[in-house]
1. State all residues of segment 355-386 that are within 22 Å of Leu264 (Cα to Cα) and in a loop (DSSP other than H, G, I, E, B); if no residue qualifies, say none.
2. State whether one or more residues within segment 136-154 are part of a strand (DSSP E or B), among the hydrophobic types (A, V, I, L, M, F, W, C) and at pLDDT 95 or above.
3. Is it the case that some residue within segment 152-162 is farther than 19 Å from Asn193 by Cα and aromatic (Phe, Trp, Tyr)?
4. Kindly provide the set of residues from segment 219-254 that are touching a residue at least 60 places away in the same chain (Cβ under 8 Å) and under 11 Å from the mean Cα position of the chain (by Cα), ordered by number.
5. What about Gly243, is it in contact with a Lys or Arg (Cβ under 9 Å, 6 or more places away or on another chain), closer than 25 Å to Asn78 by Cα, not β-branched (Val, Ile, Thr) and not in a loop (DSSP other than H, G, I, E, B)?
6. Just the residues that are part of a loop (DSSP other than H, G, I, E, B) and either at pLDDT below 95 or among the hydroxyl-bearing types (Ser, Thr, Tyr) (or both), please, taken from segment 169-198.
7. Can you tell me how many residues within segment 116-132 are free of Cβ contacts under 8 Å to residues at least 60 places away in the same chain and hydrophobic (A, V, I, L, M, F, W, C)?
8. Give segment 1-14 a look and list any residue that's more than 16 Å from the ligand (Cβ to nearest atom) and more than 22 Å from Val219 (Cβ to Cβ), or say none.
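The values are calculated or read from the model by the stated rules, or taken from the named source; none is laboratory data. Everything quoted here is computed from the prediction, not taken from an experiment. FYI the Cβ positions are ideal-geometry reconstructions off the backbone, even for glycines, and counts take in every protein chain you see.
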Amino acid sequence: MALSYTLRCVECGKVFDDVEKGFLLNCDENHGPAMLQADYSVDGFEPVASVKGIYRYQNWLPIRKTFERSPETIVFQNETISEKLGLENLYFAFNGYWPERNGGMPTASFKELEAASVLARLPETEQRSIVISSAGNTGRAFLEYGSQFKINTMVVVPEFALPQMWTTIPKADCVKLVVLKDADYFDAIQLANHICELEPYFPEGGAKNVARRDGMGTVMLAGTEAINAIPDHYFQAVGSGTGAIAAWEMAWRLITDGQFGQHLPRLHLSQAESFTILADAWAKQSRTLPEIPEEEARAAAMKAYSPVLSNRKPPYGPTGGLFDALAESLGLFYVPTDEQAKRAGELFQDLEGIDLDKAAEVCLASLFNAVAEKTINPKDNILVNLTGGGALRAKADGKTIPATPDFYFTKEQDNMDDIKAILGL
Ligand SMILES: [Zn+2]
């Protein structure tokens, strides 16, 4: 398929051709950090009716091809929860493994949307290895999709995330798993950055990768199709906030299209109580994240209710980043207690018979808090992004294959000489 988009810098407006550049992550002008956004040649919302899952929305994805495997967001309503909360138009977007609903994402998280989009953006000629750092779900998704499509992929994770590194098909030889001991997510990001200074490695780019954002943004598209309107409210638990930025960007495309309404959804975001730098910054309406001593932040991140919600350096302040998304949508932040999150997860499991991951539990708990705080009107259209679920079920069903690490590092070995020696370069 032909590329049908250009990239535009949100700060200076410069436009880039991604065909020529290949896999651009940053503007080359001399200004502060800013996002690139994709402008698609197809302006209107034109899902491909015959396709299910993410590639249904291929006209609004920055990709060069589609794969035969298309992770699918399942949008549904639960009468009991709607009644309990007194909400008339409450919709859940479930991203995970759910066999009774033919769902959707076998590795049990919405990060499959990211992997299926990012890997489809790579030029066919790319021989180098794409490097992804992760605290869990992203790593698992890239291990799976890299293996399925035989794409050179390296996943760097802190050791605590190793139990979450599994696939549903055997890990391919071209896919490598790197484990960093006694480390948190940010340490893993740093090691990945250093590895990317060497050939034959290059960075996936995280939030700066438009394919990552627009892949995750398809949750907004699936939700809008199911509701038949742009939702009035969008709920998600956040670590980096990339999924929320993605939802906001996709909502703007829907507004430009016009058929589902002209309003921006209000972002209702949440973090777990032990790690709240985004919630704290937004509470002060500050574009700058609070300064936390490194050891204190690392300790808090490692004991967090959900480690994937504890990114120490999220893309909050850059132009087009999370601060702008919150400011423009009059966003709100919630910090449910760990106990509230756990209870929300148990309720969902009882009613629907499928487990939520801890980030999704935090998100569901934040919906309960929003109702208690009366921040939503009972008649409004509400979309709740349940970003992960079904991992326990997948294990119980015998669907998971633990991924064996290929390389181990200690934090002291995060230097070029040791990296080359360990990777055999
Ligand atoms: Zn620029």
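1. Those that are within 22 Å of Leu264 (Cα to Cα) and in a loop (DSSP other than H, G, I, E, B): Glu373, Lys374, Thr375, Ile376, Asn377, Pro378, Lys379, Asp380.
2. At the first step, the residues of segment 136-154 found to be part of a strand (DSSP E or B) are 153-154.
Applying the additional criterion that residues be among the hydrophobic types (A, V, I, L, M, F, W, C) yields 154.
Okay, now just the ones that are also at pLDDT 95 or above, so 154.
Scanning segment 136-154, I find at least one residue that is part of a strand (DSSP E or B), among the hydrophobic types (A, V, I, L, M, F, W, C) and at pLDDT 95 or above, so the answer is yes.
3. As a first pass, look at segment 152-162 and keep what is farther than 19 Å from Asn193 by Cα: 160, 162.
Cutting the leftovers down to aromatic (Phe, Trp, Tyr) gives us 160.
Yes: segment 152-162 contains one or more residues that are farther than 19 Å from Asn193 by Cα and aromatic (Phe, Trp, Tyr).
4. Val219, Gln236, Ala237, Val238, Gly239, Ser240, Gly241, Thr242, Gly243, Ala244, Ile245, Ala247
5. Working: in contact with a Lys or Arg (Cβ under 9 Å, 6 or more places away or on another chain): yes; closer than 25 Å to Asn78 by Cα: yes; not β-branched (Val, Ile, Thr): yes; not in a loop (DSSP other than H, G, I, E, B): yes.
For Gly243, the condition - in contact with a Lys or Arg (Cβ under 9 Å, 6 or more places away or on another chain), closer than 25 Å to Asn78 by Cα, not β-branched (Val, Ile, Thr) and not in a loop (DSSP other than H, G, I, E, B) - is met.
6. So in segment 169-198, the residues part of a loop (DSSP other than H, G, I, E, B) come out as 169-174, 181-184, 196-198.
Those that are part of a loop (DSSP other than H, G, I, E, B) and either at pLDDT below 95 or among the hydroxyl-bearing types (Ser, Thr, Tyr) (or both): Asp182, Ala183, Asp184.
7. To start, the set of residues in segment 116-132 that are free of Cβ contacts under 8 Å to residues at least 60 places away in the same chain comprises 119, 125.
Still in the running and hydrophobic (A, V, I, L, M, F, W, C): 119.
The number of residues fulfilling the criteria is 1.
8. First, pick out the residues of segment 1-14 that are more than 16 Å from the ligand (Cβ to nearest atom): 1-5.
Result: Met1, Ala2, Leu3.
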